[in-house]
Each structure stands twice: as structure tokens, then as C-alpha cells.
Amino acid sequence: MLSPGAIAYLQTQAVTQVELDALTLALEGRQADRIADQLQISRVAVRKRLGSIYKKLQIEGTSHGKLALLRERLEAQQPQPPTSTGAKPPRSTNSTDAKPNSNSSSSG
């Protein structure tokens with residue numbers, strides 16, 4: 001399933017809904033003939049739709065490599081999950097936060 005961020009990104013690149021339908025199935029690991037059966041289109045139409053997406057996003061390479069590059073690009077569009085559930089982040093330990101060392105020798 002494509003994230004809302006990935007869909008928004010693809011839409012800004014002029015990817016159509018029919019292209020998104022084919023892409024979603026391809027990203028699920030389905031082969032072109034199975035995608036064609038599910039969408040009730042020809043295998044050639046599946047390849048054209050995916051090829052159109054790759055062209056719009058300027059992705060080159062082999063078909064398996066293109067899909068992997070596209071997957072990476074789409075994952076980068078997903079919002080990052082919060083690191084914790086409402087907890088404050090840990091305090092930094094920079095020099096202004098450090099307490100004076102009690103073992104320091106005093107001058108005098």
C-alpha cells in the first residue's frame with residue numbers, strides 16, 4: 001500500500017490513477033501478467049503504465065532495478081514515525097549541562 005506522502009509525491013509528478021493502480025500491485029510483488037489479470041488490461045498496457053511512471057520520475061535501468069529505485073524514492077516520502085509515545089527526548093550532555101567534578105583540586 002502506498003503511503004499518503006508517496007501518493008502525493010507521485011501526483012506532483014503527474015502520475016495518473018491508472019498508473020498508480022498498476023504500480024501499487026507491482027510494489028506488492030506481483031508480476032505483469034497477474035497485474036494485467038487483476039486490472040483487466042493487457043500485459044503490454046501494464047508495462048506501458050509502469051514505463052510511463054519511470055519516465056516521469058526519470059528512473060532508468062533494468063525493470064527490477066527500476067522498481068527498487070522507485071521503492072526507495074517512495075519510502076523517502078513517508079513521514080518518519082515518532083521516536084517515542086509522548087516522552088520527552090533525552091537531555092543532551094553538552095558542557096553547559098555537565099556538573100562540576102567534585103574530585104577537582106581547588107587552587108589555593
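In table form, for the structure just shown:
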{"item": "Length-normalised contact order of segment 11-50 in % [C-alpha pairs under 8 Å, at least 6 apart]", "result": "40 percent"}
{"item": "Local electrostatic count, L20, Cβ distance below 13 Å [Lys/Arg +1, Asp/Glu -1]", "result": "-1"}
{"item": "Net charge contributed by nearby residues that have their C-beta within less than 12 Å of G51 (K/R +1, D/E -1)", "result": "+4"}
{"item": "Dipole axis of segment 26-68 (+1 Lys, Arg; -1 Asp, Glu on Cβ), positive-most option in G51, L27, Q40", "result": "G51"}
{"item": "Largest-first principal axis extents of the Cα set of segment 4-75 (Å)", "result": "27, 24, 19"}
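Since every read-out is calculated from the coordinates, none of them should be taken as a lab result. Since this is a predicted model, take the numbers as computed values, not measurements. Cβ sites come from the backbone with ideal geometry, for glycine too, and all protein chains shown count toward neighbours.
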